[in-house]
Every structure is written in structure tokens, then in C-alpha cells.
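K.L.:
Provided herewith is a single structure, encoded as C-alpha cells, for subsequent inquiry.
The values are calculated or read from the model by the stated rules, or taken from the named source; none is laboratory data. It should be emphasised that the depicted structure is a prediction, and the values quoted were computed from it without experimental measurement. Counting neighbours? That spans all protein chains shown, and the Cβs are built from the backbone with ideal geometry, glycine included. Quick note on the areas: whole protein, heavy atoms, side chains included, nothing else; ligands and nucleic acids left out. Shrake-Rupley method; radii C 1.70, N 1.55, O 1.52, S 1.80 Å.
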Amino acid sequence: MPFRTTLHMRTLTILSLLQALFLFSFAQERNGKIDGVVKDGDGKVLDAVTVSILKQKDSSLVKIALTDKTGVFTFDRIAAGSYFLSVTHIGFENWFGSPFELNSTASVISHIDISLRAVNASLGEVTVTSKRPLVENRIDKMIVNVDASATNGGLTALEVLEKSPGVMVDNDGKVSLKGKQGVIIMIDGKPTYLNASDLANYLKNMPSNQLDQVEIMSQPPAKYDASGNSGVINLITKKNKNAGFNASITTSAIIAKYFKNTNSLNFNWHKGKINVYGTYGFSYWEGFNEINIDKSLRENANTDFDRYSSQYTFGRYSDRGHTFRAGIDYFANKKNTFGFSVNGTIDKQSFTSSSTANLYDSLQQFVQYNIAQSQNKTPQTHLGFNANWQNKLDDKGSELSAEADYIFYNTPGTVYSNNYLYNADNIPSEDPYLLNGLLPSLIDIYSFKSDYKKILNKDITLEAGIKSSYVKTDNDAAYSLYNSDIQKWQPDTSISNHFIYEENINAAYINWQQKVNKLSIQLGLRAEQTNSIGNQTVKNVNFNRHYFDLFPTAYFTYKRDDNNTFGLSFGRRIQRPSYESLNPFRFQLDRYDYEQGNPYLLPQFSNNVELSYNYKGIWNISANYTMTTDLISDVLITVKEPNDSNYTTYLTTQNVASQRNIGLSVNYSKQITPAWTLNVFLNVYNNHYKGVVDSTNIDAGLTSFNANFNTQYSFKKGWTGELSGFYYGRDYVSSVILADGRGMFSLGASKQIMKGKGSIKLNLRDPLYLMSFTGYTNLDKGTTRAHYVWDNRRAIFTFTYRFGKSNANQPQRRNNGASDEQNRVGGKNGQQ
């Protein structure tokens with residue numbers, strides 16, 4: 001069947017399904033309305049309070065709402081019946097209202113005045129805990145509550161992402177969303193300023209117990225940086241602002257082939273106008289991977305294969321990582337808040353490997369073998385400073401904010417690779433290839449942004465903002481080779497280099513939100529100007545680029561009633577090359593394999609359209625179409641060096657193709673019974689690539705899927721059991737790498753102890769050791785099959801202890817942000 005016909009039929013099917021769901025929503029007319037306000041004992045309004053409507057006959061949940069910044073809650077279109085209200089809020093006693101009835105003569109109940117009492121007013125020092133759902137479906141994003149899952153205990157932040165709906169993590173730690181690569185990872189609204197490889201290492205060093213929530217946005221609005229082909233994932237860390245002092249300590253013992261341990265301390269102190277908070281984490285991580293790579297190589301598509309190789313590599317990964325974050329907020333008055341924070345990492349990473357590559361001639365006769373011993377050390381020191389100010393312009397929610405960031409990275413990396421080539425009779429075929437490298441890297445990032453939000457009336461909101469950033473990277477690679485003839489180390493000028501890169505991005509945006517009856521409209525436009533200069537000082541090669549782009553966004557949301565919401569959105573986005581990808585340095589893996597950057601990379605652009613439907617917050621269905629041009633992709637290039645019978649393969653990054661992605665995703669999240677909750681996610685998608693890689697014409701497409709599930713059951717005496725898992729279907733992880741299906745499941749249990757002040761968790765991750773990665777390439781110059789396994793089966797024991805006391809409501813979390821630049825920093829050295 002022709003592609004266009006197939007796409008047309010799929011589109012009609014999706015639209016028909018959504019139309020049927022839309023018509024179904026008219027089946028029952030609901031006219032009841034309830035509203036009120038929630039305050040504390042002193043008469044101050046409370047925001048973000050959970051208000052629930054329950055049926056009087058069986059206390060079953062009907063609907064949930066949160067109070068706004070003025071303490072007001074509203075329920076619309078409630079069916080006739082008998083109900084009562086339940087109100088819960090952290091730091092306050094639960095509140096239950098008297099029963100009431102809605103009918104044709106009494107369909108509106110207004111101005112309910114609710115007063116909550118702080119827990120310490122009558123109970124002294126008591127720990128109050130509340131159960132949040134694992135997944136919350138919103139029309140514009142999906143939220144994963146990390147602590148709601150027992151099998152998240154003792155994991156890393158990257159492994160939490162791996163379990164999240166729609167998120168996929170490949171064997172190198174690169175993150176994709178709904179089958180699309182190019183995700184921007186933010187922490188508390190701030191980009192990490194790391195490239196894919198270093199970001200993976202950073203997230204592997206962040207214990208899951210530092211995370212509160214994961215926000216997944218496939219179509220972020222104009223106020224966010226336009227970077228990110230497939231959207232934004234925001235990791236929200238734990239940051240409690242309850243009055244008084246409170247803290248928690250968490251430690252995890254991880255039993256695997258190599259022992260691991262993660263630890264964290266979280267605290268905050270809030271008194272009067274001052275709030276001080278901090279987080280510290282330490283990770284002791286030992287791991288391994290095993291890699292088997294088989295290659296069949298030739299000069300071009302018109303010649304026969306004349307070289308074969310079979311390589312086995314065993315690598316040991318070691319890491320000692322310290323992470324910290326501390327800050328202070330000063331509430332000068334009711335309108336102005338000033339803040340300052342510092343965050344950083346001190347990380348010592350090393351990866352040591354040994355490999356043997358057997359080489360075969362055109363008749364597949366064993367002729368040579370190469371033994372390689374390598375070590376990469378990448379210690380990194382990172383510090384980030386943020387100063388921010390927020391001014392509340394009125395009581396409606398209008399505000400003006402500004403913040404400035406300075407961030408730096410220092411990575412004094414070193415590498416050595418010793419290679420010994422032997423003939424089949426164990427006689428050395430040539431002198432050893434011994435390579436040493438000093439690879440220091442310095443990165444400085446400056447950023448300033450300001451945002452303005454004006455609530456014109458209850459239905460119209462105007463937002464605008466500006467941002468400017470400056471980044472400078474300084475990478476010096478000094479390689480030396482051992483000369484066996486004179487028995488001395490000599491500089492290797494062929495691969496040594498010094499690369500300096502500077503980039504300035506200036507941006508401005510405007511965003512208009514308006515509600516017209518049941519229809520909400522949001523239109524945004526972001527403009528970004530990019531200026532970049534690259535200079536290879538040793539080889540006297542440089543480039544200078546300037547470009548300006550517009551990124552429109554549009555959202556249309558129709559709320560038929562409290563149960564049925566429909567959405568349509570469009571956005572244009574950009575994915576700039578990572579700083580490391582632009583760095584032309586060679587990173588030697590062994591004698592015949594290396595990685596190298598590409599200073600001539602251009603940004604890729606994508607246009608995204610998404611259609612969505614949400615039913616009661618239980619079902620969330622979305623269909624998406626994305627077209628990406630100048631796709632940035634990792635590629636393998638095969639060359640034959642002069643006077644060498646063997647081929648050299650190197651990994652680099654190129655603008656190789658265009659990509660078309662269409663998909664349909666369904667998420668179901670519901671508390672089936674008071675004791676049983678279930679969340680299931682399924683995404684079916686088709687990726688099609690078209691371009692040229694290493695003289696090979698690429699025209700490949702594949703329909704695949706990814707799915708995950710989580711189910712929890714609460715037993716007596718505070719025990720909770722959990723089963724979770726995920727599976728990725730056979731798919732293209734880049735334009736040329738086809739990966740086999742892979743997946744795993746985990747078992748977990750948790751219990752509250754010590755009168756609610758402590759908790760214990762047990763997590764059996766991948767108990768049957770199912771997870772591995774197998775990938776294939778098939779190009780004109782050769783085929784490759786690679787199989788990876790790593791230290792994935794683990795038994796994890798986690799203990800958390802909470803102490804301190806609080807006596808007031810929790811203010812809304814402030815997400816500070818710089819820009820997407822931090823997602824593009826760093827070097828390549830990631831292991832499981």
C-alpha cells in the first residue's frame with residue numbers, strides 16, 4: 001500500500017476514535033457547581049490544597065481539585081446526588097465536611113469557607129504523610145511522583161527516567177521521548193549544560209531519593225528555550241519550605257556483581273522571612289560492561305568483503321561522585337522575594353578496559369589479533385551560581401522575575417591506549433601502538449533572563465520575556481606516541497589540537513493565553529539569534545556563523561466538562577549540536593577505533609503537531625506528527641589507512657538525513673480499589689529516515705512500540721508491594737543503528753516504620769537479567785553487530801529517616817532556569 005494512503009487511513013482512524021470519545025462525553029448532562037475558599041487558622045488563604053468530592057453512600061472519589069493562589073477551588077458540571085468534601089494539605093489536619101445534596105432545585109453551592117488547623121496546634125510533633133499517585137496526567141504534561149514507587153528506591157535518576165512513561169534510554173544513556181531523540185533535560189527548571197554522554201554520567205550519579213517529580217512535556221510553550229527536538233523533561237528535586245526545621249537522610253545498599261551505595265541528605269529551615277535549604281549526595285559506584293562486536297568490511301559496495309573482525313571487550317567502571325545544592329530565599333515583603341543558590345559536583349570517574357580483536361582475511365582465515373588495554377579518567381568539578389528576584393505585581397498572579405547564572409566546568413581528563421598487534425602465530429607484526437593523551441577541558445557559561453506575566457482579567461494572561469547567554473569552551477588535546485626505535489615519547493601532531501568555541505544566543509518571547517467559554521487558546525512566538533565562533537588554534541582552521549530563527553507555538557484546549565478535555569498543539573523547535581560534537585578532537589578507543597567531533601555540524605529543526613484527549617485524568621490519548629530536517633545523528637565511518645591491510649572505524653556526528661515520526665500513545669492511570677493502583681503506558685510509532693551516510697543512501701522506516709507498567713497494592717500494617725516493567729520494541733536508535741527489542745521488570749516492597757518518621761524499601765531490579773542491547777548497522781562499506789551487557793541485576797535496600805517539625809503550609813516551588821546550553825556541554829565517557 002502506498003505510504004500516503006497508509007498515512008491517510010491511520011489519520012482517519014485516529015480522528016474517528018477521538019470523535020467517538022468526544023460524542024460520548026455528551027451522554028450525560030451535569031449542571032451542579034461547587035466553589036469555596038480554603039484558609040489557615042489565621043485567615044491566610046492556602047494554595048495548592050487538595051479538595052475532593054466523595055459520594056456519601058460509599059465515600060468513593062468523584063473529582064479532585066487544587067486551590068489556586070487565592071485559595072479558591074471550583075467544581076463544575078457535577079451530576080445530581082449526595083456528596084461530602086474532603087480537604088488535605090501537608091502540615092495540616094485532614095478536614096471533612098457535612099453531607100450535602102445537588103438536584104434540579106439546588107444545583108449550586110457557593111462560598112464554602114474552610115479553615116484548616118496546623119497539625120502542631122493539637123498534636124505536637126507529628127509526621128504527616130500523604131499518598132500521591134505515581135502518574136498524573138495533565139493536558140500539557142505528564143507528572144511522575146518518584147517516591148510513589150517502591151521500585152524507585154536505590155535507583156539513579158537515569159534509571160527513574162528509564163521507567164517513566166514514553167521515555168526511552170539506550171545503552172549509552174541517551175534519552176528519547178515517544179520514539180524521538182533530542183530531549184532537553186532540566187533540573188528544577190534549569191538546564192544541566194551537559195551533552196548526552198556527560199549528562200548520562202551526571203544522572204547516574206544522582207540518587208533517585210533526591211528527586212520529587214519528573215515532568216514530561218512533549219510540546220513545551222514559548223517561555224522555554226526552543227531547543228529539544230522531542231520536548232523537555234524537568235527533574236524536580238526535593239525542596240521543602242515548611243516553617244521550622246525538617247530534614248531527611250537516605251541510604252541505599254545495592255547488591256550486584258559489584259557493590260554500590262548511594263546516600264543523600266536533604267534539609268531546610270524556614271523562619272520568618274528566611275528560608276535556607278540544601279541537598280548533599282554521595283555515590284559509590286562500581287560496574288562493568290561486556291561488549292562483543294563483529295564486523296564485515298570492504299572498500300565500497302562494488303567490492304567483496306575482504307576483512308572480518310570479532311572483538312570482545314571487558315570494561316570496569318568506577319565512580320565516586322559528590323553532588324550538592326544549597327540556597328537561601330529572602331521574603332522581603334509580600335511582593336518581593338530574593339534568592340541565591342549554588343550547586344555543583346565533584347566527580348572522579350574512570351573506565352578501564354581490555355579487549356581482544358581477532359582479524360580475518362577475505363577467506364575468513366584467521367591472520368592477526370590486536371590486544372588493547374585502555375584507561376580513561378575524567379575527573380570533573382562543576383559549580384553553578386544563581387541569583388534571582390521575583391516581584392508579585394498584584395493579587396491576581398501577575399509577576400515580574402529576573403535571574404542570572406554563572407556556571408563553570410573543569411575536566412582535566414587523561415587517556416592511554418596500549419595496542420599490541422600479533423600475527424596468527426603469536427609473533428608481533430609491528431611495534432606496539434602506545435598512545436597517551438592529556439585532555440583538559442574548561443567551560444564557562446553566563447546567562448541572564450527576565451520574565452513578565454500579566455493577568456489582564458480572569459480569562460486573559462499575557463507573558464513575555466528576554467534571555468541572553470554566552471558560552472566559551474576551551475579544549476586542549478595533547479597526544480604523544482611511544483617511539484620504540486628511540487624508546488621515547490614523542491608528540492603526535494596528527495591528532496593533537498586546541499579548540500576554542502564561543503557562542504552567544506539572544507532570545508525574546510511573547511505568549512498570549514485566553515479562555516473563551518470552554519475553549520482555551522495559547523499562542524506564542526519565540527525569536528532566537530545565534531552567533532558562534534570556532535577556532536582550531538593548532539591547525540589554524542576556524543568558522544564564524546550567525547543565524548536568526550522564529551519558533552511559533554499554538555495550543556487549543558476544549559474542556560467539554562470536568563471529565564473530558566481535548567487538545568491540539570503545534571510547535572517548531574531547534575536542536576543545536578552539543579559542544580563536544582563540534583570539537584574536532586580524536587578520542588582514541590583502540591588502534592582501529594576512535595571517536596571524533598565535527599565542527600561543520602548545523603542545527604536540526606523540527607515541526608511538531610499533537611492531538612490529545614484526556615478523560616477524568618485516567619485516560620490520556622495523544623497522536624503526534626513530527627518532521628525533522630538536517631537530522632544530527634551518530635554515524636560510523638570506515639576507512640583504510642595507507643600501508644595498512646586492516647580497516648579503521650570511527651564514530652562521528654553528521655547532518656545525515658530527514659526524519660518523519662508519527663505516533664499514537666495511550667496512558668491509563670487509576671486507583672482500581674482503595675488498595676490497588678495501576679498505570680499502563682503504550683506508544684506505537686513509525687520512524688522514517690532518508691539521507692546519505694558514508695556514501696550509503698539511507699531510506700529506512702520501521703513501526704515500533706514501547707510500553708511500561710506499574711501496579712501497586714497496599715497490604716495491612718503499612719506494607720506496599722509493587723511490580724513494574726518496560727519493553728522497547730525493535731527500532732532504529734539512530735538513522736543507521738537498528739536495535740533488537742529489549743526490556744525488564746522489577747519487584748518492590750516498602751513499609752513505613754518508626755511512627756511514620758522512617759521507611760524501608762526493597763527493590764529487585766531485573767531479577768532474571770533480561771536487559772541487554774544488540775544493535776546492527778548495514779552500510780555500503782560494511783556491516784556491524786554489537787551486543788552489550790552490564791551490571792543491571794541488583795537487589796537494593798533503602799532506608800529513609802525524616803526528622804524535624806513544621807507548622808505552616810508549603811509555598812509554591814520556584815523553578816530557576818538558565819538556558820538549554822548546559823545540555824550541550826562535556827565529553828564522551830559513559831558506562832552503565
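K.L.:
Accessible surface of Met744 in the full protein assembly, 1.4 angstrom probe, to the nearest 10 Å²?
P.N.:
10
K.L.:
Between [x] 14; [y] 21; [z] 26, which entry matches percent of Cα pairs over 54 Å apart as derived from the coordinates of this structure?
P.N.:
Computed from these coordinates, percent of Cα pairs over 54 Å apart corresponds to label [x].
K.L.:
Still on this structure, I have one more. Can you give me the accessible area per residue for the chain, using a 1.4 Å probe, in Å²?
P.N.:
43
K.L.:
Under the Karplus relation 6.51 cos²θ - 1.76 cosθ + 1.60, θ = phi - 60°, what is the ordered set of whole-Hz ³J(HN,Hα) values for the stretch 784-794, x standing for Gly and Pro?
P.N.:
9, 10, 10, 10, 10, 9, 8, 7, 9, 7, 9
K.L.:
Per DSSP H run of n ≥ 4, the term is -39500 (n - 2.57); total these for the chain, divide by its residue number, and report the mean residue ellipticity at 222 nm rounded to 500 deg cm²/dmol.
P.N.:
Taking each H run of at least 4 residues, the total per residue is -1500 deg cm²/dmol.
K.L.:
Over the stretch 621-761, one equal point on each Cα, no solvent: what is log10 I(q)/I(0) by the Debye formula at q = 0.10, 0.17, 0.22 Å⁻¹?
P.N.:
Rounded to two decimals, the profile gives -0.58, -0.98, -1.28.
K.L.:
Turning to a different aspect of this structure: Expressed in nm to one decimal, what extension gain is obtained for the pair Ala700 and Asn531 from 0.36 nm per residue of sequence separation less their Cα-Cα distance? All intermediate terms of the calculation are to be shown ahead of the outcome.
P.N.:
Working: separation 169, 0.36 × 169 = 60.84 nm, distance 3.46 nm.
Once the chain is fully extended between Ala700 and Asn531, it gains 57.4 nm.
K.L.:
Right, next: Counting only C-alpha contacts under 8 Å and six or more residues apart, can you give the relative contact order of the stretch 34-120 as a whole percent?
P.N.:
Numbers: 189 pairs, mean separation 31.1, N = 87.
It comes to 36 percent, rounded to a whole number.
K.L.:
Follow-up question, since we're still on this one. Any chance you could list P(r) for the stretch 301-429, counting all Cα-Cα pairs in 5 angstrom bins from zero, rounded to whole %?
P.N.:
2, 8, 11, 10, 9, 8, 8, 7, 7, 6, 6, 5, 5, 4, 3, 2, 0
K.L.:
While we're on this one: Scan around Phe587 for amide H atoms under 5 Å from its own, H built in the peptide plane at 1.01 Å from N, and keep only partners 5 or more places away or cross-chain.
P.N.:
Amide H neighbours of Phe587: Glu595, Gln596.
K.L.:
Need one number for the stretch 440-532: average projected area of the convex hull over its C-alpha atoms, nm².
P.N.:
Spelled out: convex hull of the Cα atoms, projected over all directions, averaged, 9.6 nm².
K.L.:
How much of the accessible area of the stretch 290-398, in percent, comes from carbon and sulfur atoms when a 1.4 Å probe is used?
P.N.:
It is 53 percent, rounded to a whole number.
K.L.:
Roughly speaking, what is the centre-to-centre gap between the stretch 721-777 and the stretch 92-117 when only Cα atoms are used, to the nearest Å?
P.N.:
44
K.L.:
Of all the accessible heavy-atom surface of the stretch 622-690, with the other protein chains kept in place and a 1.4 Å probe, what percent is carbon and sulfur?
P.N.:
After summing per-atom areas, the C and S share lands at 60 percent.
K.L.:
So, one more: Taking every Cα atom in the stretch 708-756, find the radius of gyration and the maximum pairwise distance Dmax, and write them in Å.
P.N.:
Using the Cα atoms of the stretch 708-756, the pair Rg, Dmax is 17.5, 55 Å.
K.L.:
Follow-up question, since we're still on this one. Net charge near Pro379, counting Lys/Arg +1 and Asp/Glu -1 over other residues with Cβ under 11 Å of its Cβ?
P.N.:
Residues close to Pro379 contribute a combined charge of +1.
K.L.:
For the cross-link pairs Lys223/Lys392; Lys178/Lys518; Lys257/Lys761, which exceed 27 Å when the distance is taken from alpha carbon to alpha carbon?
P.N.:
Beyond 27 Å: Lys178/Lys518.
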